[in-house]
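Notes for the one structure printed next.
Values in this text are rule-based calculations from the coordinates and carry no lab data. Everything numeric here is computed off the predicted structure, so don't read it as measured data. Cβ placement follows ideal geometry from the backbone for every residue including glycine, while neighbour counts extend to all protein chains displayed.
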C-alpha cells in the first residue's frame, strides 16, 4: 500500500480533532449536484463525511490514516442510530449533560469490540467535555478558554460577543472592547508556531508553512468578528465558551438528522491514506480533501494531485482548504481542471470556519 508523506512525519495514534473545524455548509454547496454519485472524504472526526450524505450520493468513501479519527466516525454512526437528536447533542458536548457515560454506552453498544474499548477508555473525558471536546485541538482551545481568556476578557464581554448586531456595530465592538492589548498579546503568544505545534496541531503540519500563525489568526478573527455574525458561528462559540449556542455545525442540526440517519449505510470506511484509495482504479464524482495538501512538500502535492485527477470522473469537484500554505492546482495539471472562482468567492465570504485563508473549488474538465 502506498505510504503517505505525512504518515512518516506525524503521529496518528490519538484523537487530534474530536469535531470538524471545517464548515460543511460551504463544503456541500461547493460539491454541487452529487445525486447518485461516488464521493470521497477525508475522515477527520467524521462530521463532514456525514454531511455529504445530505447530497444524496450513492456512497461516501471515507479515508484516514488515523484509527482514532476513524473511531470518531464510528461513534457518530452509532450515536445517529441509537440516540435521538437531543441526546446526540448532549453526547457530543454541544449541550450540557449529566448522563454522557450512559449515552456513550448506548451509542457504542452495537459497534465492534475494538471501537467499544477505545471509547470506554475515554468515558471519563467524554462525560466531562463531550465526545466532541476531547481531541488534542479541543484541549488546546480549552486551556485557552479556561486559563487564559479570563485574564483578558470578562464573562460579560464574551457573552456580548455573541449578540447579533449590524456590521458597523460589530466592527466597533471588536475595536473598542475586544481587540485590546491583552488580547493581542494572548494571540501572539498562544497561537505562535511553537505553542500550536506543542499543544494544538502536530508540529509536522507546519513543515511547509511560511509566516506567523499568530498574525494569521489575528487577521482571521477580524473576519469572524466583523465580516461574519459571531452569533451564527458555532466554531467561534465553542472556542470562547466550550459548547455551541443556537447555531450548530451542519451535521449536528435537527433538520438534517433523520436524512443522515437514513443514509448511514452509504458510508464506506477505508482506513489508510488517500494515496492508497486513488490507486484502486475507482473514480469519484467529488472530493472533500480537507486541508491535506498543506502537509505535503510541493513535489508530493503535485504527485498526489495528479493521482486524484486520474481517479476523477469528468465534472468531479475537488474541494479543499488552505490555512497558511498556499495550494492550488499545480501548473502541470492546469489544463485538466477549471477553478470555479465565482463559487469560491461567494462561499469564502460565508465560511464560518474562519481560520482558513483560502477555500478552493476546482472541477475536472470533461
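Computed over the stretch 39-94, the P(r) curve from all C-alpha pair distances, binned at 5 Å from the origin, holds 4, 20, 26, 25, 17, 8, 0 percent per bin. When the chain is treated as a GNM with alpha-carbon contacts under 10 Å, the residue of 338, 155, 327 showing the greatest mean-square fluctuation is 155.
For residue 95 and residue 300, a Förster radius of 35 Å and the Cβ-Cβ distance give a FRET efficiency of 0.25, rounded to the nearest 0.05.
Considering helices alone, the calculated mean residue ellipticity of the chain at 222 nm is -11000 deg cm²/dmol, with DSSP H runs of length four and up weighted by -39500 (n - 2.57) and normalised per residue.
Site pair residue 365 and residue 160 shows an inter-label distance of 5.5 nm when each label is modelled 7 Å from Cα along Cα→Cβ.
Need one number: % antiparallel among DSSP beta bridges in the chain, to the nearest 5. Around 35 percent of the beta bridges assigned by DSSP in the chain are antiparallel ones. Take each peptide in 44-51, 116-123, 328-335, 103-110, count the other Cβ atoms within 10 Å of every residue, and average; sorted highest first, the result is 44-51, 103-110, 116-123, 328-335. For a paramagnetic label modelled on residue 223 (point 7 Å from Cα along Cα→Cβ), amide N atoms under 16 Å away belong, within the stretch 333-360, to 341-360. Each of residue 283 and residue 110 was given a label point 7 Å from its Cα along the Cα-to-Cβ line. The distance between the two points is 3.6 nm.
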